[in-house]
Amino acid sequence: MVLCPVIRKLLHKRVVLASASPRRQEILRQAGLRFEVVPSRFKETLPKASFPTPPAYAVETAKQKALEVARRMHQKDLRAPDVVIGADTIVAVGGLILEKPVDKQDAYSMLSRLSGKEHSVFTGVAIVHCCSRDGRLDTDVSEFYEETRVQFSELSEELLWEYIDSGEPMDKAGGYGIQALGGMLVEQVHGDFLNVVGFPLNRFCKKLAELYYPSGREDPRPAQSHQGRGGRAEDGGERTQAAGPEEAVSNRTGHSPPPFPTGLLELVDSFKASKALFTACKLKVFDLLKDGAPLKAVDVAGKLGTSACGTGRLLDACVALGFLQKTDRGYSNTETANLHLTSDGRVLPPTGRPRGMSVGRGRAGHGVRVCLSDPLLFQASCAHSEETRLGLLRAMHSLAKLTARHVATAFDLSRFASACDLGGCTGALAHALAREYPRLRVTVFDLPEVLQHVAGFQPDGPRTEQVSFLPGDIFEDSLPEADLYVVSRILRDWPDGKVHELLSRVARACKPGEATASTSLLQNLIFV
Ligand SMILES: Cc1cn([C@@H]2O[C@H](COP(=O)(O)OP(=O)(O)OP(=O)(O)O)[C@@H](O)[C@H]2O)c(=O)[nH]c1=O
């Protein structure tokens with residue numbers, strides 16, 4: 001989901017994040033940005049004394065990081081990305097700039113300098129729009145910085161060394177990570193927390209809005225004129241544009257371009273994205289990269305028996321989707337992939353073979369159906385193989401596990417003593433309810449052919465006697481007695497008459513004062 005419309009402006013551009021910082025990658029990914037990661041090789045050795053202020057140093061370093069990547073990519077394939085983002089985070093205290101400590105002693109002197117005091121964290125950001133013309137690279141640099149003030153507690157020697165020995169300080173400016181153990185050292189934060197972590201997302205979105213909607217319009221179409229965006233001339237044969245790439249488009253045509261088909265392109269893109277994901281799952285890419293050292297595309301291809309070129313493209317697609325990360329050492333899983341896309345935790349059923357994306361050595365992959373996870377397919381799938389049915393159950397189980405806790409805590413259900421989860425499948429939501437409400441007894445009511453597989457599905461946390469399973473058909477059999485009926489994911493897509501019939505059955509089973517909890521299609525709404 002893209003919360004900030006301006007992020008959407010970048011969805012159809014080739015965006016590169018010139019940073020190896022996992023925190024920056026995570027922040028931007030969470031914001032819905034799609035990008036490749038190409039860590040910058042720019043050495044962070046600009047002479048600090050030559051800058052009037054610490055943030056001026058951070059901004060220049062961010063800019064040089066981004067430009068190095070833009071130039072390298074342009075030289076490599078004569079096609080620069082559309083946008084390169086660079087960032088640099090520093091800690092400033094008493095006029096001194098602290099970057100990442102070089103060793104434990106350095107971390108010690110940084111942290112003891114910060115102890116009991118307030119310091120500033122500056123992140124400089126450069127957004128470089130690139131354009132290759134006649135073999136030359138044009139760049140247009142927009143830059144800004146954000147300041148956050150952080151107050152540290154007095155730190156004892158013992159705490160300092162314990163923290164340093166945790167290893168956390170070593171890859172972090174100022175020698176601490178506010179988002180992890182380092183949070184314990186912090187008394188107060190004034191300003192944007194994410195700026196301390198490594199990327200000022202809020203200012204970044206505002207900057208994008210300034211660039212893409214210069215007169216404050218919310219119209220997502222290209223602007224007619226960008227004022228005040230002039231970049232500086234770059235050396236080495238580059239020219240900076242006074243206008244962004246979109247402006248060039250509208251200048252060429254001479255009149256307003258037709259509305260940009262954002263929705264259509266998003267649909268097309270999401271289709272491609274699903275194909276890439278299914279293909280990677282089917283090939284067990286995420287299993288291969290789980291918990292191991294990073295692998296190069298050619299090594300992944302060697303292990304999977306696929307072509308190196310196609311595999312490279314597939315892996316890059318997975319990087320852009322946020323399921324893999326790429327560094328000089330190769331590809332590795334992101335946390336999301338480790339949690340949800342390996343065979344043991346997969347939210348996608350393993351059935352079917354993806355069409356449309358082939359990385360095989362021979363002919364393109366053949367068109368076997370890909371089953372999307374949908375509980376309603378279970379009954380239809382009874383006509384299919386046991387493997388198909390189990391695949392669907394697995395998908396339903398994993399999806400339910402993902403959302404169960406959120407559903408269980410969306411409302412205070414503590415007044416209920418018993419609940420019945422109609423069509424509760426493997427009991428993932430039932431167990432989450434039982435965990436949240438220790439006095440609640442939950443009956444999972446579902447088809448016998450579903451319940452016979454329950455033992456093979458582990459809920460999050462231990463099984464509990466609070467949860468029991470009762471085989472039955474919600475349309476045929478009488479519903480078990482309960483104070484609360486949960487109708488989760490089973491109302492979708494049915495004809496009105498069927499939905500009405502089911503809800504009437506539930507209403508008849510309810511005693512006065514009881515309730516029905518219905519989770520929406522996305523399992524994040526619950527009505528009590
Ligand atoms: C204060 C603080 C910093 N950081 C990290 O410190 C690195 C700064 O170094 P950088 O030079 O800006 O970035 P890098 O990690 O070297 O990556 P790159 O962009 O490739 O230079 C970045 O990682 C930040 O997240 C945290 O994770 N938490 C914090 O509380």
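What to note about this one:
- Boolean, L10 is modelled with pLDDT under 90, crowded, with 19+ Cβ neighbours inside 10 Å and either of a type outside the set (F, W, Y) or more than 14 Å from the ligand (Cβ to nearest atom) (or both): yes
- Pairing each residue of region 133-156 that is on the phi > 0 side of the Ramachandran plot with any residue that is more than 16 Å from the ligand (Cβ to nearest atom), provided the two are 6+ apart or on different chains, yields C-beta distances under 7 Å for G135/L78.
- Tabulated pairs, region 24-45, first over 23 Å from G312 (Cα atoms), second of a type in the set (S, T, Y), C-beta under 6 angstrom, 6+ apart or interchain: E44/T61
- Helices (runs of 4 or more DSSP H) completely within region 145-216 that count 2 or more residues being within 15 Å of the ligand (Cβ to nearest atom), under 14 Å from A87 (Cβ atoms) and at pLDDT 95 or above: 193-197, 201-212
- Considering region 47-92, and only residues there that are more than 13 Å from the ligand (Cβ to nearest atom), among the aliphatic types (A, V, I, L, M) and closer than 23 Å to L114 by Cβ, the residue that is surrounded by the most Cβ atoms within 10 Å (Cβ to Cβ) turns out to be A56.
- Single residue of region 93-104 satisfying the filter (within 11 Å of the ligand (Cβ to nearest atom) and assigned to a loop (DSSP other than H, G, I, E, B)) that is surrounded by the most Cβ atoms within 10 Å (Cβ to Cβ): P101
- A107, sole failed condition from (1) within 16 Å of the ligand (Cβ to nearest atom); (2) surrounded by fewer than 24 Cβ atoms within 10 Å (Cβ to Cβ): (2)
- Residue in region 30-38 that is closer than 23 Å to M170 by Cα, of a type outside the set (F, W, Y) and away from the ligand (no atom under 14 Å from the Cβ) present: no
- Subset of region 165-185 (residues that are more than 27 Å from the chain's Cα centre (by Cα) and under 14 Å from L114 (Cα atoms)): L185
- Filtered by the rule that a residue be assigned to a helix (DSSP H, G or I) and buried (at least 17 other Cβ atoms within 10 Å of the Cβ), region 288-299 gives L288, A297.
- So S40, is it in contact with a Pro (Cβ under 9 Å, 6 or more places away or on another chain), assigned to a loop (DSSP other than H, G, I, E, B), modelled with pLDDT of 95 or more and crowded, with 20+ Cβ neighbours inside 10 Å: no
- Which listed residue, of P462, P480, is assigned to a loop (DSSP other than H, G, I, E, B), at pLDDT 90 or above and surrounded by fewer than 18 Cβ atoms within 10 Å (Cβ to Cβ): P480
- Residues of region 117-146 satisfying the condition of being more than 24 Å from A209 (Cα to Cα) and among the acidic types (D, E): E118, D134
The values are calculated or read from the model by the stated rules, or taken from the named source; none is laboratory data. Here the structure is a predicted model, which means the values were calculated and not measured. Every residue, glycine among them, receives a Cβ derived from its backbone with ideal geometry; neighbour counts consider all protein chains shown.
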